[in-house]
1. From Phe332, Phe320, grab the single residue that is touching a helix residue (DSSP H, G or I) at 6+ places or on another chain (Cβ under 6 Å), assigned to a helix (DSSP H, G or I) and touching a residue at least 40 places away in the same chain (Cβ under 8 Å).
2. Restricted to segment 476-496, and to residues that are touching a strand residue (DSSP E or B) at 6+ places or on another chain (Cβ under 8 Å) and open to solvent by 50 Å² or more (accessible area, probe 1.4 Å), which residue is farthest from Leu436 (Cα to Cα)?
3. Please verify whether segment 441-450 includes one or more residues that are surrounded by 20 or more Cβ atoms within 10 Å (Cβ to Cβ), touching a residue at least 40 places away in the same chain (Cβ under 8 Å) and under 21 Å from the mean Cα position of the chain (by Cα).
4. State all residues of segment 490-540 that are at positive phi and without any contact (Cβ under 8 Å) to a residue 40 or more places away in the chain; if no residue qualifies, say none.
5. Kindly list the number of the only condition in (1) under 25 Å from Gly477 (Cβ atoms); (2) buried (at least 20 other Cβ atoms within 10 Å of the Cβ) that fails for Val133.
6. Exactly one condition in (1) out of contact with any Gly (no Cβ under 8 Å at 6 or more places or on another chain); (2) at pLDDT below 95; (3) under 27 Å from Tyr401 (Cα atoms) is false for Leu109; which is it?
7. Based on this model, can you work out whether Gly384 counts as at positive phi and at pLDDT 90 or above?
8. Residue under question is Ile356, and the condition is that it be open to solvent by less than 50 Å² (accessible area, probe 1.4 Å) and either in a loop (DSSP other than H, G, I, E, B) or among the small types (Gly, Ala, Ser) (or both); does it hold?
Amino acid sequence: MAAAASSEEAVKAAKVLMVGAGGIGCELLKTLALSGFSDIHIIDLDTIEVSNLNRQFLFRQSHVGQSKAKVARDAVLKFRPNINITPYHANVKDSKFNVEFFKQFNVVLNGLDNLDARRHVNRLCLAAEVPLVESGTTGFLGQVTVHVKGKTECYECQPKPVPKSYPVCTITSTPSKFVHCIVWAKDLLFAKLFGDKNQDNDLNVRSNDDSSSKTDVFERNVDEDLPQYAQRIYDHVFGYNIETALANEETWKNRKKPYPIYIRDALPEDAVQRNGSSRDHKNEEHEPSAMVSLGLRNPQEIWSLADNSRVFLEALKLFFEKREKEIGNLIFDKDDQLAVEFVTAAANIRASSFGIPPHSLFEAKGVAGNIVHAVATTNAIIAGLIVIEAIKVLKGDYQNYRMTYCLEHPSRKMLLMPVEPFEPNKSCYVCSETPLVLEVNTKTTKLREVIDKVIKSKLGMNLPLVMVGATLVFEDGEGLEPDEAANYALNLEKVLVELPAPVVNDTKLTVEDFQQELKCSINIKHRDEFDEEKEPDGMVLAGWSGPVDKQVTSNGDKRSVPSSSSADDVDSTAEVLSVKPGMKRKLNEILESQENFDALQNKSDVGSSSAQVVEDDDDDDDIVMLDEDPKQGKKKRLQ
């Protein structure tokens, strides 16, 4: 009874921050409210979409287009009207959600769907010294982990999966899989036509027309109508560029040659002229859609080369006719119907050229958006586990913290695998401030490349400040004087050795993000050459939690886990336990050494009800599991 009373008091007194009101978030908010929590704050940037309604049960058709955080609040208040729920329809990375904001909460509960936001919240929780309960689901897989500064590892102590990258030469010249065609269509062609014109792009922009004075074939001529422009782009990327690639015979000695596709090969001339002319009038009232214009209604149908060509031309035309103001600022979004149509058509045409089987729009969208369809039951299980761990955190019950992993298939009749948390990783640059090492060619690499590819992309800093010794070479953020901003902009385009404080071999960079209150050091090691295939960034960062191939062992079989960090039907990326034997101690061992416990926690007590990580000398990662009957107190290894 005393324990129950203590839990009830801790719950009633708690002020909780939820980040994310999607698949996990809806279940979590409902469970928090029904468990007695009375002061809950929710941050979510998203609005409700039709595709959310099959699993985010606080939302209805009438809510489509509205704020997830606000609608979730209103739905829960209908059955718990006396509690306080404060919604924020905003990005958790906004400056108002700073360390001081986080300090007001007793615990933070994450239900996010992308790695970048999770790292940001982790750093704010560390700076504010507020416990974090992290979670994620991918299909039938899920996990809940607890992170408390100084007592457990932080979210970034171990490597996390990130979307797979592919060598540029594979994407631009020798695709062999449909995903290569999707990456080409999304990250190169779509970005070149509709995105930032100043960004680097590996597409060939030179025309075969020697009489043309243009250096970039993607620029539209003043007197060129849209159909002419669309056909010219089609012929350039699917025809001329393929012919150019074929000229390098060495490339195709051991590969199947592609064949160039010109618009005249894919569509009769009269079909090109009338493409999209018999447009459904409903398309004028809703968001532009090439499928609607062409009368294509089934997203699961695999289009012919002719249909893909029609969709390509029509989608390009609709972007310029209906969304011209957005051109130059567009970034591919898997929820943008016209963008998905364009990318699907472009990828399929390129796939046809290289002898790769085409895919339906439904399938292509899944590939482009790294989509793994969510399971509502997994979200509900994970939400319940989050609340259980949150209550332990609020009670200060460190001994009973658990990282719990939800398996797709039972192992020894168990679907939930509890494991004791681990101590902080002493080599973690986030919570242990261990210096990083960057191998880079200091004579050819610009500061902009280091900031974009390393500091922002890999280290996840939003508004970085970079110092070389005592010299400030770059600062990002508001409040800069115009002359300062101009000076830093100039530094961005300088190679490292030409900065005001030259960066050479053994130089130490200090990088800081004031919003996250994160500071780390990077030791520079000069290196002349890099392998384009294995090291496409042209630099190598050591000492950070980079991407890993993760597998979950279930019933003795190993399955690959999708490494998507952002997805439509993925409510959060599930993380699978990855433990290096002999590298860590269990949390209760840390607490014993810190607090001089008097042998109350006997490591040989087989009656313990907790699952533990085994530390042994072999190469396998072994996890200790309870037998089916916990009363017997026998521990089993999950093979």
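1. On the way: Phe332 fails: assigned to a helix (DSSP H, G or I).
Just one listed residue meets the conditions, Phe320.
2. Out of the qualifying residues, it is Glu484.
3. Residues of segment 441-450 surrounded by 20 or more Cβ atoms within 10 Å (Cβ to Cβ): 442, 445, 447, 450.
Still in the running and touching a residue at least 40 places away in the same chain (Cβ under 8 Å): 442, 445, 447, 450.
Among the residues that remain, those that are also under 21 Å from the mean Cα position of the chain (by Cα) are: 450.
Checked segment 441-450: at least one residue is surrounded by 20 or more Cβ atoms within 10 Å (Cβ to Cβ), touching a residue at least 40 places away in the same chain (Cβ under 8 Å) and under 21 Å from the mean Cα position of the chain (by Cα).
4. First, pick out the residues of segment 490-540 that are at positive phi: 506, 517, 538.
Within segment 490-540, Asp506 is the sole residue that qualifies.
5. Checking Val133 against (1) under 25 Å from Gly477 (Cβ atoms); (2) buried (at least 20 other Cβ atoms within 10 Å of the Cβ), the one that fails is (1).
6. Looking at each condition in turn, Leu109 falls short on (2).
7. Values: at positive phi: no; at pLDDT 90 or above: yes.
No.
8. Numbers: open to solvent by less than 50 Å² (accessible area, probe 1.4 Å): yes; either in a loop (DSSP other than H, G, I, E, B) or among the small types (Gly, Ala, Ser) (or both): yes.
So Ile356 fits the description; yes.
The values are calculated or read from the model by the stated rules, or taken from the named source; none is laboratory data. Predicted model, so just to flag it, every value in this text is computed and none were measured. Note that each Cβ is placed from the backbone with ideal geometry, even for glycine, and that neighbours are counted across all protein chains shown. For the accessible areas, the whole protein counts, side chains as well, though only heavy atoms, and no ligand, DNA or RNA atoms are used. Shrake-Rupley method; radii C 1.70, N 1.55, O 1.52, S 1.80 Å.
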